[in-house]
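Below is one structure, written out as structure tokens; comments come after it.
The values are calculated or read from the model by the stated rules, or taken from the named source; none is laboratory data. Computed from a prediction, not measured in an experiment: that's the story for all the values here. A quick note on method: Cβ atoms are made from the backbone with ideal geometry, for glycine too, and the neighbour counts reach across all protein chains shown. Just so you know, the surface numbers come from the protein's heavy atoms only, side chains and all, with ligands and any DNA or RNA stripped out. Shrake-Rupley method; radii C 1.70, N 1.55, O 1.52, S 1.80 Å.
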Amino acid sequence: QVQLVESGGGLVQAGGSLRLSCAASGRTFGINVIGWYRQAPGKQRELVANINSGGSTNYADSVKGRFTISRDTAKNTVSLQMNSLKPEDTAVYYCNAVRQGFNSWGQGTQVTVSS
């Protein structure tokens, strides 16, 4: 089982930046994909960005060019640099890891972007 702990959320003005971090522990060997999802009030959880074991990245169209995901395999961390934030980026952001077909989730961190 993989445990995930997020940090770095907060309140920021539109146009600002935040950096989210996720630390993985437990059975981290063999994590295939790790990344970030978000869920805004009244909306479904959606993929923001992820990165696989080969280093390939995948981004939601809404964040391309503004968000950057990175992974430090040695430290078992994944980060999400979020620039040019918009009010519509406001959501709870969840770290997600997929290992041997099983999903693990963090507890979530709130990101609020004021206009």
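Centroid-to-centroid, using Cα positions, segment 79-115 and segment 10-44 are 3 Å apart.
Which whole-number value in Å² is the accessible area per residue of segment 51-96, probe 1.4 Å?
49 Å²
For the pair THR57 and SER25, label points projected 7 Å from Cα toward Cβ lie 2.8 nm apart. Mind checking which of VAL98, PRO87, GLN110 is farthest towards the positive end of segment 12-110's charge dipole, using Cβ charges of +1 (Lys, Arg) and -1 (Asp, Glu) about the Cα centre? Final value for the positive-end residue is VAL98.
For segment 1-66, with all protein chains present and a 1.4 Å probe, just round the carbon and sulfur fraction of the accessible area to a whole percent. Don't skip to the answer; put the middle values down first.
Values: 1780 of 3790 Å².
Of the solvent-accessible surface of segment 1-66, carbon and sulfur hold 47 percent.
Spacing of the modelled spin labels on GLN44 and TRP105, each 7 Å from Cα toward Cβ, amounts to 1.4 nm.
Tell me, what is the FRET efficiency for LEU11 and THR73 to the nearest 0.05, using R0 = 35 angstrom and their Cβ-Cβ distance as r?
Working: r = 31 Å, r/R0 = 0.89.
In this case the efficiency is close to 0.65.
The largest accessible area among ASP72, ASP89, ASP61 belongs to the first residue in ASP61, ASP72, ASP89, and the rest follow in falling order (1.4 Å probe, all chains). Close amide H pairs (under 5 Å, H built 1.01 Å from N) link GLN3 with SER25, GLY26, ARG27, residues at least 5 positions away or on another chain. Using a Gaussian network model of the chain in which every pair of alpha carbons under 10 angstrom is joined by a spring, one finds that among ALA74, ALA14, ALA24 the greatest mean-square fluctuation is at ALA74.
For the chain, report the convex hull volume of the alpha-carbon atoms normalised per residue, in Å³, without decimals. Please list the in-between numbers first.
Details: hull volume 10.6 nm³, N = 115.
So the per-residue hull volume is 93 Å³.
About the Cα centre of segment 1-110, what is the dipole size in debye to 20, counting +1 per Lys and Arg Cβ and -1 per Asp and Glu Cβ, all else neutral? Intermediate values should be presented prior to the final figure.
Values: 11 positive and 6 negative charges, 25 e Å.
Computed about the Cα centre, the dipole is about 120 debye.
The orientation-averaged projected area of the convex hull spanned by the Cα atoms of segment 38-83 comes to 3.8 nm².
Could you sort VAL113, VAL5, VAL98 by accessible area so the largest value comes first, with the probe set to 1.4 Å? All intermediate terms of the calculation are to be shown ahead of the outcome.
Details: VAL113 10, VAL5 90, VAL98 35 Å².
Putting VAL113, VAL5, VAL98 in descending order of accessible area: VAL5, VAL98, VAL113.
Counted without the sites themselves, the longest stretch of the chain free of trypsin sites (Lys or Arg not before Pro) in a DSSP loop having at most 13 other beta carbon atoms within 10 Å is 1-42.
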